[in-house]
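Peer 1: Next up is a structure, given as structure tokens.
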Amino acid sequence: MKPSPHPHSGPEHSAAASGLPGRRGFLGGLLAAAALAAAGPALATPARAAARPAAPAPRATRPLLLGTYTSEAGGGTGIGTAAYDTVTGAITPGPVITGVDNPSYLALHPSGSTVYAVAEQDAGAVTAVRLAPDGTYEVLGSRPTGGAGATHLSVHPSGRWLLSANYGSGSVAVHPIAADGSLGERTDLVTHSSPPPGPGQGGPHAHQIVASPDGGHVLAADLGTDTVYTYTLDESAGTLTEVSRAALAPGSGPRHLAFHPGGRFAYLACELDNTLVVCAYDPATGALTTGPGQSTGTGSATGYPSQPVVTGDGAYVYLANRGPNSLTRYAVEDDGAALRLLGTVPVGGDWPRQLALSPDSSLLFAANQRSSTVTVFGIGPDGCLTAAGDPFPAPVAVCVLPLP
């Protein structure tokens, strides 16, 4: 069995993110500029306007946020901002939200008013950034995660708790979210002390933590112990209680899962054995029952799948493959219980670390770490992917978050 290709390359900071407040105008000005550009030049006179067809309405643009490694050579200087055309997928660059170190993963609050960034460094941290309606932002401050190499975070559906995973120390943490979006002191920290690490692993490596769609349970995928842990979250105290474990094949390296919108099935990317696993989920107990590993279609012993995403209608699953640098497409069958491999397409970049869908599932975005690009694909009615323009340059792109 090959050793784990620890995906979090690059130097790491030893200090937590700054937490000093700051303000910049970005969303409002960026979207206004994009709308003006799309509208085209104004007509000179009413007479000329009457003689020509009416000008088309400007295309809608929406904000896009970009995660990076600020500590890596050629990396960014904070959270990148941009706008994307909701029809063509074309991306327009914007300024940077500074004061955030190594924002390698981003998550949006259900209200849409606050974004959270994980600081992937020796002393992991999570940072809150308020996005004001007038287009300004404010860094609300950071809190330590209590572990090393924080690599993933998500917001509980209630909007009251932030969940984070520490890859380096194999632990998961909980922070309360205040009414203004800021973070309180950590309320829990759980280390995955058992089972023993899988083949080639020196310890646990928590890679993802996410709530089930109904918020009834919290699931944590640990690459180092080949296990997905299920917890209940005490929504008064902010503490986790383990209720179930799903054991994966030794050396499989479970990395990220994505739920089907029906809430009864999830699709788990296993990094080390290059498979995608269909899992049945019991909302009553939180138990996750794993099926056999399925092919990623890459035919490569060096493929490392990173993240699956599921379209909003539950019809298709897409998977990013590092090494082969491709996207795998699956059709969802039996109400989510089965996947049918449809094929792969080149991602158009190097080392696709993370995928994201536009809110209407008409566009797919891929953050390509080693080529420092974001590639965009249009999704057809049959789930086919069509590259939408040239790759967008983004320094050490490891996360992309389209906003609604």
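The values are calculated or read from the model by the stated rules, or taken from the named source; none is laboratory data. Remember, predicted model here, so these are calculated numbers, not experimental data. FYI the Cβ positions are ideal-geometry reconstructions off the backbone, even for glycines, and counts take in every protein chain you see. These accessible areas exclude ligands, DNA and RNA; they are computed on the full protein's heavy atoms, side chains included. Shrake-Rupley method; radii C 1.70, N 1.55, O 1.52, S 1.80 Å.
Peer 1: Looking only at the stretch 101-110, decide whether some residue is in contact with a helix residue (DSSP H, G or I) (Cβ under 7 Å, 6 or more places away or on another chain), open to solvent by 30 Å² or more (accessible area, probe 1.4 Å) and not aliphatic (A, V, I, L, M).
Peer 2: no
Peer 1: Where in the stretch 131-231 are the strands (runs of 3 or more DSSP E), entirely inside, with at least 3 residues that are among the aliphatic types (A, V, I, L, M) and buried (at least 24 other Cβ atoms within 10 Å of the Cβ)?
Peer 2: Hits in the stretch 131-231: 161-166, 171-176, 218-222.
Peer 1: Determine the pairs where a residue that is in contact (Cβ under 8 Å) with a residue 60 or more places away in the chain and assigned to a loop (DSSP other than H, G, I, E, B), located within the stretch 91-107, has a partner that is among the acidic types (Asp, Glu) and open to solvent by 10 Å² or more (accessible area, probe 1.4 Å) with Cβ atoms under 7 Å apart, the partner being 6 or more residues away or on another chain.
Peer 2: Going by the 7 Å Cβ cut-off, there are no qualifying pairs.
Peer 1: Could I ask something else about it? Give all pairs with beta carbons closer than 6 Å in which a residue from the stretch 269-283 that is within 16 Å of LEU355 (Cβ to Cβ) meets a residue that is open to solvent by 20 Å² or more (accessible area, probe 1.4 Å) and of a type outside the set (A, V, I, L, M, F, W, C); count only pairs at least 6 apart in sequence or on separate chains.
Peer 2: Close Cβ pairs satisfying both conditions: GLU271/TYR304; LEU276/GLN294.
So that you can scan it fast, the table gives a plain yes or no per residue for (1) in contact (Cβ under 8 Å) with a residue 40 or more places away in the chain; (2) of a type in the set (Val, Ile, Thr):
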site: PRO204; (1), (2): no, no
site: HIS207; (1), (2): yes, no
site: ASP214; (1), (2): yes, no
site: ALA221; (1), (2): yes, no
site: GLY224; (1), (2): yes, no
site: THR230; (1), (2): yes, yes
site: LEU240; (1), (2): yes, no
site: ALA246; (1), (2): yes, no
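Peer 1: Given the residues ASN102, ASN166, which is the only one that is of a type outside the set (D, E, K, R) and either under 19 Å from LEU240 (Cβ atoms) or touching a Cys at 6+ places or on another chain (Cβ under 7 Å) (or both)?
Peer 2: ASN166
Peer 1: Looking at the stretch 293-308, which of the residues that are surrounded by fewer than 20 Cβ atoms within 10 Å (Cβ to Cβ) and either closer than 23 Å to ALA246 by Cα or in contact with a helix residue (DSSP H, G or I) (Cβ under 7 Å, 6 or more places away or on another chain) (or both) is modelled with the lowest pLDDT?
Peer 2: Out of the qualifying residues, it is GLY293.
Peer 1: Return yes or no: is ALA117 under 20 Å from GLN369 (Cβ atoms) and either in contact with a Pro (Cβ under 6 Å, 6 or more places away or on another chain) or assigned to a loop (DSSP other than H, G, I, E, B) (or both)?
Peer 2: yes
Peer 1: Checking the condition open to solvent by less than 40 Å² (accessible area, probe 1.4 Å), modelled with pLDDT under 95 and of a type in the set (Ser, Thr, Tyr), which residue from THR61, THR127 passes?
Peer 2: The conditions single out THR61.
Peer 1: May I ask you to verify whether SER306 is under 29 Å from TRP161 (Cα atoms), in a strand (DSSP E or B) and not basic (Lys, Arg)?
Peer 2: Yes; evaluated as a whole, the condition is true for this residue.
Peer 1: Could you tell me whether the stretch 266-277 includes any residue that is open to solvent by 20 Å² or more (accessible area, probe 1.4 Å), of a type in the set (A, V, I, L, M) and under 29 Å from THR241 (Cα atoms)?
Peer 2: No: the stretch 266-277 contains no residue that is open to solvent by 20 Å² or more (accessible area, probe 1.4 Å), of a type in the set (A, V, I, L, M) and under 29 Å from THR241 (Cα atoms).
Peer 1: Could I ask something else about it? Are any residues in the stretch 351-388 part of a loop (DSSP other than H, G, I, E, B) and surrounded by fewer than 15 Cβ atoms within 10 Å (Cβ to Cβ), and if so, which ones?
Peer 2: Scanning the stretch 351-388 gives PRO359, ASP360, GLY380, PRO381, ASP382, CYS384.
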